[in-house]
Amino acid sequence: MENESTHNHSCNCCRSEKNCTINRRTFITGIGAGLIAANLPRALFASEKHRSLDGYKPLSPLKLKIQPVLAVTLFNRAEKTSWRPWGGFHTQKDIDDEKIRIKKELEKIAAANEFGLDILPLATVDNVQAAKEIANANHDVLLMYPANCWVDVLEALTNPQKWT
């Protein structure tokens, strides 16, 4: 950097190289050494009881409680109108087959995990009231399988206080 000072003494009124007495590296080193010196007595004089792990027993992990929910509605046939919904669930047999597939999938997940899972029985909802009851029930996570259902049912299943 070119010396832009108009006079020969160190001051803050111009960009003199002489007034810069500490660089960033020196500043950071000094701050770090000060923090170490300030905390060293705590580490050296901490009681033995606080430094020892003798007698420490970790808590056993709690199982993650999962509530699977199939949200599906069967639509009734209506003459001279479009009554069929999107998707492949048009009969009770379709829904029962899907329940079997979901149960098998959940069994695989439970067998393959490294931590405890408490998978509750699969619930089926088709209305807002049933969805609200499930959303507020005792579980950690709600695993949603949305199918042929209205948006208000899906919204009722979501609880901001729980994972969905």
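Data for the structure
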quantity	calculated
From ASP126, ASP96, residue being farther than 30 Å from SER60 by Cα and free of Cβ contacts under 8 Å to residues at least 12 places away in the same chain	ASP96
Which listed residue is closer than 30 Å to ALA131 by Cβ, surrounded by 10 or more Cβ atoms within 10 Å (Cβ to Cβ), in contact with a helix residue (DSSP H, G or I) (Cβ under 9 Å, 6 or more places away or on another chain) and at pLDDT 75 or above, from ILE109, ILE66, ILE100	ILE66
Residue satisfying all of: in the stretch 136-149; touching a strand residue (DSSP E or B) at 6+ places or on another chain (Cβ under 9 Å) and more than 14 Å from LEU70 (Cβ to Cβ); surrounded by the fewest Cβ atoms within 10 Å (Cβ to Cβ) among these	ASN138
Pick from the stretch 100-120, criterion in contact with a Pro (Cβ under 8 Å, 6 or more places away or on another chain) and not in a helix (DSSP H, G or I), ranking: farthest from LEU64 (Cα to Cα)	LEU120
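The values are calculated or read from the model by the stated rules, or taken from the named source; none is laboratory data. What you see is a predicted model; the values in this text were computed from it and never measured. Don't worry about glycine lacking a Cβ; one is built from the backbone with ideal geometry, like all the others, and counts go over all protein chains shown.
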